[in-house]
1. Taking region 57-79 only, how many residues are outside any helix (DSSP H, G or I) and under 18 Å from Gly107 (Cβ atoms)?
2. Working carefully through the options Ser74, Ser56, Ser44, find the one that is modelled with pLDDT under 95, within 22 Å of Ser125 (Cα to Cα) and within 14 Å of the ligand (Cβ to nearest atom).
3. Going through Leu130, Leu97, Leu124 one at a time, which residue ends up being assigned to a helix (DSSP H, G or I), free of Cβ contacts under 8 Å to residues at least 12 places away in the same chain and within 28 Å of Arg61 (Cα to Cα)?
4. Out of region 126-154, which residues are farther than 19 Å from Ile189 by Cα and either touching a Cys at 6+ places or on another chain (Cβ under 7 Å) or among the small types (Gly, Ala, Ser) (or both)?
5. Kindly indicate whether any position in region 193-200 is among the hydroxyl-bearing types (Ser, Thr, Tyr) and in contact with a Leu (Cβ under 8 Å, 6 or more places away or on another chain).
6. Out of region 135-179, which residues are within 23 Å of Gly103 (Cα to Cα) and either part of a helix (DSSP H, G or I) or of a type in the set (Gly, Ala, Ser) (or both)?
7. Taking into account only those residues within region 82-94 that are in contact with a Phe, Trp or Tyr (Cβ under 6 Å, 6 or more places away or on another chain) and assigned to a helix (DSSP H, G or I), which is farthest from Ile136 (Cα to Cα)?
8. Of everything in region 150-169, what is more than 16 Å from Leu27 (Cβ to Cβ) and not polar (S, T, N, Q)? Give them in sequence order.
Amino acid sequence: MNTKTSILILYYSSQGATQKMAELIALGVESISNVTAKLRTVPSLHQSQTPNTASSLMVTRDDLLSCSGLILGSPTRFGNISANIQHFLESTLDIWLSGQLIGKPAGVFTSSSTLHGGQESTLLSLLLPLLHHGMIVTGLPYHHPELHRTQTGGSPYGPSHVAGTQGDQPISKDERALCMAFGKRIATIAMRLNSQEGSHT
Ligand SMILES: Cc1cc2nc3c(=O)[nH]c(=O)nc-3n(C[C@H](O)[C@H](O)[C@H](O)COP(=O)(O)O)c2cc1C
């Protein structure tokens, strides 16, 4: 039985909004005792876009292989995944071939500048490679009251944040609660799966 539960929160952020979400999700993960959150980022493909994540650690292959669950975050880019995240995902072919992520819980999150600028298409696109990897994907159930009342981000497909056209919109109370609830949810699922031998289905 694997008793150590660690959730990899892997994201890209150029202006800091997705990173702030990742940090809140980590708080939710670590609200579950004996579960740790590991925050990691990916390199930027664009020299003109210096990521706001210089202090963050770059993901390694071992981070992915050793995690008990994965939470993947990307800014919305033309209604889609950031190329930086996509580039990293395309380096995981051998991990897909060996099936080493099969059965691990996973979920996704995003930040965009506008409310109807493609958050849901980005979240759904982020889920596709995780399904190919055989991960057990989960979103946010509607029993969270914030999903009913949010005026900005937050969806059943995963947490989201509307950062505004200047990128300076603070994370709302509802967005924040949903980030924390999401971290807690994936941590709880990972913990339960970890405590069951032979959960690699
Ligand atoms: C190339 C590019 C494409 C973008 N496409 C969209 C978009 O389709 N919809 C949207 O609302 N915001 C879009 N944005 C804005 C970002 O999604 C938004 O600023 C996000 O909060 C950035 O996250 P970050 O602060 O973690 O980098 C785009 C930004 C860039 C640079």
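1. Step one: filter region 57-79 for residues outside any helix (DSSP H, G or I), giving 57-60, 67-79.
This time we only want the ones that are under 18 Å from Gly107 (Cβ atoms), so: 59, 67-76.
So the count comes out to 11.
2. Numbers: Ser74 fails: modelled with pLDDT under 95; Ser56 fails: within 22 Å of Ser125 (Cα to Cα).
Of Ser74, Ser56, Ser44, the one residue that is modelled with pLDDT under 95, within 22 Å of Ser125 (Cα to Cα) and within 14 Å of the ligand (Cβ to nearest atom) is Ser44.
3. Values: Leu130 fails: free of Cβ contacts under 8 Å to residues at least 12 places away in the same chain; Leu124 fails: free of Cβ contacts under 8 Å to residues at least 12 places away in the same chain.
The match here is Leu97.
4. At the first step, the residues of region 126-154 found to be farther than 19 Å from Ile189 by Cα are 126, 128-129, 132, 145-154.
Selection gives Gly153, Gly154.
5. Going through region 193-200, the residues among the hydroxyl-bearing types (Ser, Thr, Tyr) turn out to be 195, 199.
Now restrict to residues that are in contact with a Leu (Cβ under 8 Å, 6 or more places away or on another chain): 199.
Yes, some residue in region 193-200 is among the hydroxyl-bearing types (Ser, Thr, Tyr) and in contact with a Leu (Cβ under 8 Å, 6 or more places away or on another chain).
6. Going through region 135-179, the residues within 23 Å of Gly103 (Cα to Cα) turn out to be 135-141, 156-159, 179.
Matches in region 135-179: Gly139, Gly158, Cys179.
7. Taking region 82-94 first, the residues in contact with a Phe, Trp or Tyr (Cβ under 6 Å, 6 or more places away or on another chain) are 82, 84-85.
Retained after the next criterion (residues that are assigned to a helix (DSSP H, G or I)): 84-85.
On the way: Asn84: 23, Ile85: 19 Å.
Of everything passing the filter in region 82-94, Asn84 is farthest from Ile136 (Cα to Cα).
8. Filtering region 150-169 for residues more than 16 Å from Leu27 (Cβ to Cβ) gives 150-158, 160, 162-169.
Across region 150-169, the qualifying residues are Gly153, Gly154, Pro156, Tyr157, Gly158, Val162, Ala163, Gly164, Gly167, Asp168.
The values are calculated or read from the model by the stated rules, or taken from the named source; none is laboratory data. None of the values given here were measured: they were computed from a predicted structure. Cβ atoms come from the backbone with ideal geometry, glycine included; neighbour counts cover every protein chain shown.
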